[in-house]
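The structure under discussion appears below in the form of structure tokens.
The values are calculated or read from the model by the stated rules, or taken from the named source; none is laboratory data. It should be emphasised that the depicted structure is a prediction, and the values quoted were computed from it without experimental measurement. Ideal geometry is used to build each Cβ from the backbone, glycine not excepted, and the neighbour counts take in all protein chains shown.
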Amino acid sequence: DRSNVQDFVIDGKKGETVVKRAGTVNGEQIVIQNCQDSRIYIYDHIATVSVDDCINCAIFLGPIKSSVFIRDCKQCKVVVACQQFRTRDCFQVDTFLMCATQPIIESSSRMKFACFR
């Protein structure tokens, strides 16, 4: 019994707070896209996460089994523990990171990194 895939897509939020509580994601993939001035909290374990085209968002992610891809984002804050972390074409994204492998940062500028706590 798989949930509707749209339950795992956070799209077009503007000035909103989105919370996914424990037991609502259950290791599925999450897509976060086209959000602005929003706070997104995912308090559950996740397979993979894609974050695309977000501006001025705070994103707090539960433990991720595999990878996190952050693309085309600006002025965001991200808190994440994952296996693999990648960014591409990002600007001024502050990341609090615990990662099992070296992060991959492509074509991004003014990025800041600190340890996940």
The number of residues in segment 62-117 that are in a strand (DSSP E or B), crowded, with 16+ Cβ neighbours inside 10 Å and hydroxyl-bearing (S, T, Y) is 3
Looking at segment 5-21, which of its residues are surrounded by fewer than 16 Cβ atoms within 10 Å (Cβ to Cβ) and at pLDDT 95 or above? V9, D11, G12, K14, G15, E16, T17, V18, V19, R21
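Residues checked against (1) touching a Phe, Trp or Tyr at 6+ places or on another chain (Cβ under 9 Å); (2) under 28 Å from N4 (Cα atoms):
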position: R21; (1), (2): yes, yes
position: Q36; (1), (2): no, yes
position: I40; (1), (2): yes, yes
position: Q75; (1), (2): yes, no
position: C82; (1), (2): no, yes
position: R86; (1), (2): yes, yes
position: T101; (1), (2): yes, no
position: R110; (1), (2): yes, no
Test of understanding: among D44, D1, which residue is at pLDDT below 95, in a loop (DSSP other than H, G, I, E, B) and more than 16 Å from F96 (Cα to Cα)? D1
Does segment 36-47 contain at least one residue that is closer than 22 Å to Q83 by Cα, in contact (Cβ under 8 Å) with a residue 12 or more places away in the chain, surrounded by 14 or more Cβ atoms within 10 Å (Cβ to Cβ) and of a type in the set (S, T, Y)? yes
